[in-house]
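Each remark here refers to the structure printed beneath this line.
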C-alpha cells in the first residue's frame, strides 16, 4: 500500500496532517505552533524560546520529572526547537508508542506556567545567552542579523537579550501563550506507521477543548540594511566573516533554483568556495547557504580563516560571486541537482523527516506536495532557470560583517 496523505480540521480550528505508511518501522508526531521570534514585540524578545523551555516544566497534571520519564518509558526520541518562523515539539519511535506520546505532548502544550518555574528557568535562559556570547560565530551572526534586518522582527535574537529576559514578566508570557498557542495556530503532523482515524480521535480528545484566538502574523515593512561592519574581540585565534544578500521567500517556486545556487557556490565539497578557499588552505571553512523565510529570503556566505588571510579570503569570495553566473555549466547543474535531490530524499525516507516537512509546509501556508512531486520540481531546474534566478537576485552582498582579533 502506498503512502497516503490525510488532512482534517477539528471544530476549534486545529489542523491534523499525516502521511501514513503501514510498512514503516517507526512513526513520528509533531505539534507545530505558528509562532516564533518574528511574532514578538521588542520588549518581549526571546519569549517564544523561553516559552518552549516552560512547556517542558510540565502541566497541571504532570511535572517536569513525569514528562521526561513518560516519554523515556515510551522509548520516544523527543525534543523541541524555536525559530523566527515557528515553534515545534516532536517525538518519534515505535508505532505502538506514538499515540501515547501524542497525549503527553498535547498535555504539556497546556503548561502550568508556574511563577516559581518561570523564575528558575529565567536563570537557565540567561546562562544560555551567556554561553552563546562566548562563541565567535554566533556573536557575528546575531550582530549581522540585527544590522541586515534593521528594526524588523526577523533581526530579533531567538534567545532574546540579557536585558529583555531579565525584565520579562511571567504575565507577558501568559498573555503571549493565550494568543499564540491557540488551537487555530497549531497543527499536529504525523508520518510513518500511524492510523489516521486513531490519530484524529486521540488529538480530538486531547486538544478538542483548546480555544482559537484568531491570531495572525504581521508583516511590517522591510528595508534591508547595507554596508560593512567590523567587530573586534580579544584572544581570537581566527577571523570570521559573513556576506548577506536578498533571495526568494518560502513560497516562491524559485526556491529550488536558489538551493542549487547555494550548492554550486558553497557546498562543503566540490563547490566554488571549497576549491578556491578550503582546498587551497586559504580558509578553514567557506560555505554558502540559502535561508527562505515567510515573506523574504536570504543568501549568505560564511567563512573562517587565519586573521592574516582575512582580506585575501574576502577578495576571493567576491571574485567567485561575480563569476558564478558566467561560469555555470551543465556539470554544475547535474551535480548540484543530484545533491539537493539526495538531501531531500534522505530526509523523506524516515517518518521523522516526512513529519517535519509536513508540519513546516503547513506553518508557512505551502500547499501539500508529495516527495515525488518535490523531486520532479528539482529535476526541472535548468541552466536557463538558474540564470534567470541570478538575473533577478544577483550575488551582490548588501551587508558584509567581520569578527577579528583586537589590533
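Residue under question is residue 288, and the condition is that it be farther than 21 Å from residue 152 by Cα and surrounded by 21 or more Cβ atoms within 10 Å (Cβ to Cβ); does it hold?
yes
Among the residues of segment 233-247 satisfying the criterion of being in contact with a helix residue (DSSP H, G or I) (Cβ under 8 Å, 6 or more places away or on another chain) and surrounded by fewer than 23 Cβ atoms within 10 Å (Cβ to Cβ), which is nearest to residue 317 (Cα to Cα)?
This residue is 242.
Of the numbered conditions (1) in a helix (DSSP H, G or I); (2) over 19 Å from residue 285 (Cβ atoms); (3) in contact with a helix residue (DSSP H, G or I) (Cβ under 9 Å, 6 or more places away or on another chain); (4) touching a residue at least 12 places away in the same chain (Cβ under 8 Å), residue 320 fails exactly one; give the number of that condition.
The failed condition is (2).
Are any residues in segment 178-204 closer than 30 Å to residue 126 by Cβ and buried (at least 21 other Cβ atoms within 10 Å of the Cβ), and if so, which ones?
Residues satisfying the conditions are 180, 181, 182, 185, 186.
Could you tell me which numbered condition residue 303 fails, if it satisfies all but one of (1) surrounded by 16 or more Cβ atoms within 10 Å (Cβ to Cβ); (2) in contact (Cβ under 8 Å) with a residue 60 or more places away in the chain; (3) over 20 Å from residue 261 (Cα atoms)?
Exception for residue 303: condition (3).
For the condition outside any strand (DSSP E or B) and either farther than 28 Å from residue 231 by Cβ or at pLDDT 95 or above (or both), what is the one hit in 276, 300?
276
How many residues are in a strand (DSSP E or B) and surrounded by fewer than 21 Cβ atoms within 10 Å (Cβ to Cβ) if we restrict to segment 1-19?
Summing the residues that are in a strand (DSSP E or B) and surrounded by fewer than 21 Cβ atoms within 10 Å (Cβ to Cβ) in segment 1-19 gives 7.
Select, from 99, 126, 113, 94, the only residue that is surrounded by fewer than 21 Cβ atoms within 10 Å (Cβ to Cβ), farther than 28 Å from residue 163 by Cα and either touching a helix residue (DSSP H, G or I) at 6+ places or on another chain (Cβ under 6 Å) or without any contact (Cβ under 8 Å) to a residue 60 or more places away in the chain (or both).
Result: 99 is the single residue among 99, 126, 113, 94 that is surrounded by fewer than 21 Cβ atoms within 10 Å (Cβ to Cβ), farther than 28 Å from residue 163 by Cα and either touching a helix residue (DSSP H, G or I) at 6+ places or on another chain (Cβ under 6 Å) or without any contact (Cβ under 8 Å) to a residue 60 or more places away in the chain (or both).
What's the total number of residues in segment 184-204 that are assigned to a helix (DSSP H, G or I) and touching a residue at least 12 places away in the same chain (Cβ under 8 Å)?
Number satisfying all stated conditions: 9.
Is it the case, given these coordinates, that residue 317 is buried (at least 18 other Cβ atoms within 10 Å of the Cβ), farther than 30 Å from residue 34 by Cβ and either at pLDDT 95 or above or in the same structural domain as residue 285 (by TED's automatic domain parsing) (or both)?
yes
For segment 293-319, name all the residues that are touching a strand residue (DSSP E or B) at 6+ places or on another chain (Cβ under 9 Å) and under 16 Å from residue 394 (Cα atoms).
Listed by number, the residues that qualify are 296, 297, 298, 299, 300, 301, 317, 318.
Can you find a residue in segment 370-378 that is farther than 17 Å from residue 261 by Cα and either in a loop (DSSP other than H, G, I, E, B) or assigned by TED's automatic domain parsing to the domain that holds residue 136 (or both)?
Taking every residue of segment 370-378 in turn, at least one turns out to be farther than 17 Å from residue 261 by Cα and either in a loop (DSSP other than H, G, I, E, B) or assigned by TED's automatic domain parsing to the domain that holds residue 136 (or both).
Check whether at least one residue in segment 57-68 is in a strand (DSSP E or B), on the phi < 0 side of the Ramachandran plot and touching a residue at least 40 places away in the same chain (Cβ under 8 Å), and report yes or no.
The answer is no, given that none of the residues of segment 57-68 is in a strand (DSSP E or B), on the phi < 0 side of the Ramachandran plot and touching a residue at least 40 places away in the same chain (Cβ under 8 Å).
Examine segment 39-49 for a residue that is in the same structural domain as residue 152 (by TED's automatic domain parsing), closer than 20 Å to residue 358 by Cβ and crowded, with 21+ Cβ neighbours inside 10 Å, and state whether such a residue exists.
no
Any residue in segment 231-244 that is more than 30 Å from residue 127 (Cβ to Cβ), in contact (Cβ under 8 Å) with a residue 24 or more places away in the chain and in the same structural domain as residue 367 (by TED's automatic domain parsing)?
Within segment 231-244, one or more residues are more than 30 Å from residue 127 (Cβ to Cβ), in contact (Cβ under 8 Å) with a residue 24 or more places away in the chain and in the same structural domain as residue 367 (by TED's automatic domain parsing).
So is residue 80 at pLDDT 95 or above, in contact with a strand residue (DSSP E or B) (Cβ under 8 Å, 6 or more places away or on another chain) and crowded, with 23+ Cβ neighbours inside 10 Å or not?
no
The values are calculated or read from the model by the stated rules, or taken from the named source; none is laboratory data. The model shown is predicted, which means the values in this text are computed figures rather than measured ones. Cβ sites come from the backbone with ideal geometry, for glycine too, and all protein chains shown count toward neighbours.
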